[in-house]
Amino acid sequence: QVQLVESGGGLVQAGGSLRLSCEASGRTFRSLAMGWFRQAPGKERAFVAGINWSGYNTYYADSVKGRFTISRDNAKNMVYLQMNSLNPEDTAVYYCAAEVSLGIRTTPAMYDYWGQGTQVTVSS
């Protein structure tokens, strides 16, 4: 089992920045590929960014490429999502996800473990 706890969400004005954090426990963190997803009201959960076990490989949705950065600290069992140049379309509940995999996964069904989510609201 893997437990994931997100933090760092909140209300920010358009153009602002937020940094989301996710702490993992329960399994060797280095064995996990990690991802961030988001779900806006009335929409399906969507991939935002993913990172492989080492942190050397990352992948982003086109909508956030160049604005968001995913990173991980294997010594602290943490994964982060730095979000810059936020706009109202980024408003959603953001979820951290984990999967026992060497590679990056981009669809929700590929992840076995999920956090409870953290709300990000961007005002115009």
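Restricting Ser85, Ser54, Ser71 to those that are of a type in the set (S, T, N, Q), assigned to a loop (DSSP other than H, G, I, E, B), open to solvent by 20 Å² or more (accessible area, probe 1.4 Å) and modelled with pLDDT of 95 or more reduces the list to Ser85. Restricting Ser123, Ser54, Ser63 to residues that are under 18 Å from Gly9 (Cα atoms) and polar (S, T, N, Q) narrows the list to Ser123. Scoring Lys43 on the criteria (1) among the basic types (Lys, Arg); (2) crowded, with 16+ Cβ neighbours inside 10 Å; (3) assigned to a loop (DSSP other than H, G, I, E, B) leaves a single failure, condition (2). Within the range 11-19, is even one residue basic (Lys, Arg), surrounded by fewer than 18 Cβ atoms within 10 Å (Cβ to Cβ) and within 17 Å of Thr121 (Cα to Cα)? Yes: the range 11-19 contains one or more residues that are basic (Lys, Arg), surrounded by fewer than 18 Cβ atoms within 10 Å (Cβ to Cβ) and within 17 Å of Thr121 (Cα to Cα). Hey, any hits in the range 100-115 for a residue that's modelled with pLDDT under 95 and assigned to a strand (DSSP E or B)? Yes, the range 100-115 has at least one match.
The values are calculated or read from the model by the stated rules, or taken from the named source; none is laboratory data. Model, not experiment: these values are computed from the prediction. Cβ atoms come from the backbone with ideal geometry, glycine included; neighbour counts cover every protein chain shown. To get the accessible areas, we keep the full protein, side chains included, count just its heavy atoms, and leave off ligands, DNA and RNA. Shrake-Rupley method; radii C 1.70, N 1.55, O 1.52, S 1.80 Å.
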